[in-house]
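Worksheet: one structure, shown below.
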Amino acid sequence: MEEKKLDLNTIIGFVLIFGILIWIMYNNQPSKAELDKKAKQEQVEKAKANEVKPAETVAAMPLNDSVVKDSLQLKKLQGALGSFAYSATIPSAKDAFTTIENDLVSIKIANKGGYIVEAKLKKFERFKKGSGQLVELIKDNNASLNVKLQTQDNRTLDTKNLYFEPTVTKSGEDQIVTMRLKAGPEAYLEYKYVLKAKDYMMDFVVRSQGLSKVINTSKPLDLEWSLKSYRNEKSVSYENRYADVRYESEGKKNDLGQGKDKSEILDEVSYVAFKQHFFTSILLTDKPFKKADLYSTNLVLDDKKDTIFTKQFRAKVPLAFENGEVNQKMNWYYGPTDYKLLERYNRNIEDIVPLGWGIFGWINRHLFIPLYGFLSGFISYGIAIIVFTILVRIVMSPVTYKSYLSQAKMKVLRPEIAELNEKFKNDALKKQQETMKLYNKAGVNPMAGCLPAIMQIPVFYALFQFFPSAIELRQKSFLWANDLSSFDAVFTWKQHIPVISSVYGNHISIFPILASIAIFFYMRMTTGDQPMQAPAQEGMPDMGKIMKVMIYISPLMMLIFFNNYASGLSLYYFVSNAITIGIMLVIKNYIVDNDKIHAQIQQNKLKEPKQQGKFQRKLSEMMEQAEAQKKAGKK
């Protein structure tokens, strides 16, 4: 009985102890509020652990802990990367970025590849003013920079796939980012970026240290740069027209041109520019690259579908070794294609702005750019175009006067020319000889009306190049046009209308219509004052009919062509033709007196004929020779 009682007491004791433990555990468990607080704290700690740290503190985070701990993984990396497997063992954040910026530009550099993965311009917006989208020349992997490394153990490595160790420092206001791809503690390939305050231009240096035993130094390293240019303007086709690769080779500036798969291999290249319409990315070098392999291709095959990118650009240049190391000093420019801004760098990069060659470029650089820059400095850009146009027409007014005066003289001689045409209608050569004698006797130069028009061609072409290149007009409004650098559409439609949409476009612009109306009346005035043309010879076109047709064709061509062009250019031609019409009306009604011209011509006929000019003399000699041959043939 005693044993049974003892056993029962023991059992009761265990039950009591277990019950006490259960009671203690129940009363000490955390409340719901405490559990929620703990869960939130764990989430915050987890987020901090996954957060990408800035470059200044990135040294405390290992690239990949398993690389150091797992000897098999390290061995595998050494098999693939050789000495550059060391770069995987140093402290670094694998997918981190370093951002440097000033008031003008923001640059983001990736640890992977060590190159720029974002270049954002802070003063410019895409498409239209107020869009809220800043112009980004580089973003979303549209650009890359790669150096091909040929190792001593016959490996070919691409730096764009390897991880660099970043360091950020400052020197005054200069921000310096140093990216090092390491093959050992004191052996590395280095990219050095230096961004200055209030400057689009960065210093860029590629150098090596202690790599002579790691990589093959018998031939230069290939630096490969590519960029797929984003569309930034309202019209992708218009923007694409001005996107190309520009360069300076052996002191000469040129471009690859438009179209598909344009390429060229050049010598002694000082810079390569991947130019868009109003923005550009430029790689410059202090010491010219010995060679440069450049490539460009058009990505806008259908401007209704291909609306994101304009061109694909590529460049490959050699980085030469000196004493077993590379030390190539270069510069990057990411910014606007602004002639005056680029000129201040004194590196010839202002020549990437397409202002025309020869006399056309000279007129733009030394006359139009300074003049328009001065005017737009204190009046609105649209009014500046009008004032600019008035000044140009005033300067050209003496040429207009001489042209009209020559037309007036020819008009006075119409009756006599008509008589000669009738008298020698069966002898074209004799008719030409007698006509030339009449011109010489009356003191009239038939070429005087053509020469002033020819003199205006350089001005016309220079302005045709100036307005599409003037970044000052970008997103500047005037009247109904909200962007003088693009078309001034007042009505648009989405439907594709065959022929009309492909030739004219899917919108109606007002300034081209006004310019076409003005040129119609101008041509009608000038053609109406031309002398009657001789009857068309057999097998020869009737120039009189051609001129009448051109009165209608020229305005129509302008209407179609300029509908998709910069509205600033159409505004210029409208104002220019309107002013020219006004000047000609003043000359006709108040300056040129047809009766006085007729009297003067009659007096000239009584005088000894003036000595013929070289051109007239040569023409007369040719006619006389032809007449002599004709007579000899009849005999």
Using a 1.4 Å probe on the protein heavy atoms only, what accessible surface does ARG524 show? Give it in Å² to the nearest 10.
140 Å²
Net charge contributed by nearby residues that have their C-beta within less than 9 Å of ASP351 (K/R +1, D/E -1)
0
Gyration tensor verdict on the stretch 111-193 (Cα atoms; rounded if a/c is under 1.5, prolate if a/b is larger than b/c, oblate otherwise):
oblate
So, for the stretch 98-198, what is the accessible surface per residue at a probe of 1.4 Å, expressed in square angstrom?
43 Å²
Heavy atoms only, 1.4 Å probe, whole protein assembly: order ARG344, ARG126 by accessible area, highest first.
ARG344, ARG126
Roughly how many Å² of GLU250 are accessible to a 1.4 Å probe, to the nearest 10?
120 Å²
For the stretch 200-294: accessible area per residue (Å², 1.4 Å):
38 Å²
Where GluC sites (Glu not before Pro) fall in DSSP loop in the stretch 173-222, at most 16 other Cβ within 10 Å:
GLU173, GLU186
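How many lysine pairs are close in the stretch 156-204, with Cα atoms under 25 Å apart and the two 8 or more places apart or on different chains?
The number of close lysine pairs in the stretch 156-204 is 7.
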Taking all protein chains as present, what is the carbon and sulfur share of the accessible area of the stretch 119-159, in % to the nearest whole number, probe 1.4 Å?
39 percent
Rg to Rh ratio, the stretch 349-402, alpha-carbon atoms and Kirkwood radius?
1.04
Taking Lys and Arg as +1 and Asp and Glu as -1, residues besides LYS340 with C-beta under 11 Å from its C-beta add up to -2
Of the accessible area of the stretch 182-241, computed with a 1.4 Å probe and all protein chains kept, carbon and sulfur make up a percent value of 45 percent
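Would the stretch 116-164 count as rounded, prolate or oblate if I go by the C-alpha gyration tensor, calling it rounded below 1.5 in a/c and otherwise prolate when a/b exceeds b/c, oblate otherwise? Walk me through the intermediate numbers first.
Details: a/c = 5.51, a/b = 4.99, b/c = 1.10.
It is prolate, given that a/c is not under 1.5 and a/b is the larger ratio.
The values are calculated or read from the model by the stated rules, or taken from the named source; none is laboratory data. Just so you know, these numbers come straight off a predicted model, no measurement behind them. Glycine also receives a Cβ, built like all others from the backbone with ideal geometry; neighbour counts cover every protein chain displayed. Calculation scope for accessible area: heavy atoms of the full protein, side chains included, ligands and nucleic acids excluded. Shrake-Rupley method; radii C 1.70, N 1.55, O 1.52, S 1.80 Å.
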